[in-house]
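Each reported figure results from applying straightforward, stated rules to the coordinates on display, with no laboratory input. On a predicted model such as this, the values are computed, not experimentally measured, just so you know. FYI the Cβ positions are ideal-geometry reconstructions off the backbone, even for glycines, and counts take in every protein chain you see.
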Amino acid sequence: MTLNILIFTHQYYPGIGGVEDVVKSIAKTLLKRYYNDGAGYINKLVIITGDKNRFNVRKEERGGLIIFRWPVFSCNNAYFIPYKPLNLRNFIKKIVIQNNINIAHIHCSHAVFPVLSGLFVKSAFGENIKLVFSMHYHGHGHTLFREFMWKLWYFYVKKLISLSDVIHCVSNIESQRIIRDFPFSSHKIIIIPNGVNKEIYNYKWKGNESDYMLYAGRVEKYKNIEKSFLLLKIMNRYYNRKGIKLRIVGEGPYLNKLKKTTQKMRLYKDIIFDKFLPKYEYYKVLSNALLTINPSEYEAFSTLVAESLAIGTPSIVSIPISKIYPSFINNDISILPFDIHKILNILELKLLMPKKKISLLSWEDVVDRLMNIYLSL
């Protein structure tokens with residue numbers, strides 16, 4: 001069977017973010033493993049994505065991957081509402097027909113562009129195209145306005161779920177949220193966690209004597225990063241080595257607010273802000289950190305935590321994130337004093353420690369499992 005796959009996402013590389021990185025990794029690995037190979041599984045791989053920096057659609061071709069960027073309106077890197085949606089509908093129909101698409105894979109339920117595109121595909125082609133929906137689902141809007149918008153948007157997401165053949169979740173906790181809010185979808189759900197790049201295993205944790213903790217990712221209010229400020233204060237009071245710092249690597253709409261908070265808490269000398277780093281540089285920073293921290297309670301999957309565990313770096317996380325990685329929960333906390341252990345309980349945080357016998361999925365593993373799903377439809 002030959003597959004012609006169309007991927008929809010709100011933003012694609014060089015756009016930065018968790019979903020962006022996931023889609024890039026999946027597309028890159030699909031091409032590497034299945035594009036025009038001996039089995040001939042993939043004949044066409046096309047991405048249609050939003051572009052908040054353009055007013056005209058543009059086409060790119062990269063080693064077998066065809067990318068179309070459609071102009072969208074985005075506020076604070078959210079919503080991704082397409083300009084001229086009726087034109088977009090006709091454009092999608094043309095691309096589907098020209099490339100003989102038989103699989104559409106939609107990424108992100110919290111952005112307008114991919115959900116609307118998925119609805120356009122199904123309304124135009126029905127059962128002739130099988131649809132996989134990776135929701136990357138949080139279940140909330142995270143601000144009052146976004147929560148209001150989510151309540152309106154919920155019905156469009158519900159419609160797309162009902163039309164989808166498979167709902168792809170990246171963790172048990174994400175599947176539980178989806179079943180809670182869309183109970184009719186339970187029979188469609190498959191769980192395939194996100195992967196890590198194989199080259200990350202070339203890096204090993206060297207941070208047992210380090211003087212910094214690390215947060216890396218989007219800087220959004222829902223990430224709850226202020227909780228790491230409290231932990232930092234406590235660690236510098238009780239830790240047996242003074243002068244621990246918090247390094248924040250990332251960008252986002254909450255960045256300026258977070259910087260003001262460091263001033264109010266008198267932590268401006270103890271917190272270092274960096275923009276997103278190239279992968280090789282980021283992996284070095286990650287491997288040299290004392291530990292990583294992600295206090296967010298609304299993750300479907302945490303790439304920071306997965307990469308930390310792959311390298312061997314301990315990671316302090318919220319209780320919801322710890323449920324994504326139950327096998328890595330460590331109640332001994334040998335790298336931290338007992339006082340900090342008690343503080344972690346008070347702050348509702350857990351420590352995850354790498355374990356040699358437990359391996360994480362690579363992107364090759366993820367794509368092989370996705371390919372099995374595609375071929376079964």
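Brief remarks on what is shown
- Here, region 198-352 is characterised by an Rg to Rh ratio of 0.92, where Rg is the alpha-carbon radius of gyration and Rh the Kirkwood radius.
- Label-to-label distance, residue 279 versus residue 128, with points set 7 angstrom from Cα along the beta-carbon direction: 3.7 nm.
- Model label points for residue 358 and residue 98, set 7 angstrom from Cα along the Cα-to-Cβ axis, are 4.7 nm apart.
- Whichever aspartates and glutamates have a C-alpha closer than 13 Å to that of residue 284, once near sequence neighbours (fewer than 8 apart) are set aside: 199, 307
- Computed over the chain, the per-residue total of -39500 (n - 2.57) for DSSP H runs of n ≥ 4 gives a 222 nm mean residue ellipticity of -12000 deg cm²/dmol, rounded to 500.
- Cross-link pairs beyond the 28 Å C-alpha cut-off, checked among 24/52; 52/275; 223/355; 233/260; 28/84: 28/84
- Remark: the residue 342-residue 329 segment gains 3.1 nm on full extension, using 0.36 nm per residue and subtracting the alpha carbon distance.
- Placing +1 on each Lys and Arg Cβ and -1 on each Asp and Glu Cβ, with no other charges, gives region 1-101 a dipole about its Cα centre of roughly 260 debye.
- Residue separation of residue 158 and residue 32 scaled by 0.36 nm, minus their Cα-Cα distance, works out to 42.0 nm of gained length.
- Of the trypsin sites (Lys or Arg not before Pro) found in region 271-377, those in coil by DSSP whose Cβ has at most 13 other Cβ atoms within 10 Å are 275, 355, 356, 357.
- For region 55-108, chymotrypsin sites (Phe, Trp or Tyr not before Pro) are listed when DSSP marks them as loop and at most 13 other Cβ atoms sit within 10 Å of their Cβ; the list is 55.
- Positive-end residue, the chain charge dipole about Cα centroid, Cβ charges, pick of 330, 111, 81: 81
- Maximal additional length on extending the residue 268-residue 172 stretch stands at 30.8 nm, based on 0.36 nm per residue less the C-alpha distance.
- Working from label points 7 Å from Cα in the Cα-to-Cβ sense, the residue 53 to residue 87 distance is 2.1 nm.
- Check: the chain dipole with +1 on Lys, Arg Cβ and -1 on Asp, Glu Cβ, in debye: 760 debye
- Equivalent ellipsoid semi-axes, the chain, via Cα gyration tensor eigenvalues times 5, rooted, Å: 37, 22, 19
- Here region 1-75 and region 256-325 have alpha carbon centers that stand 28 Å from each other.
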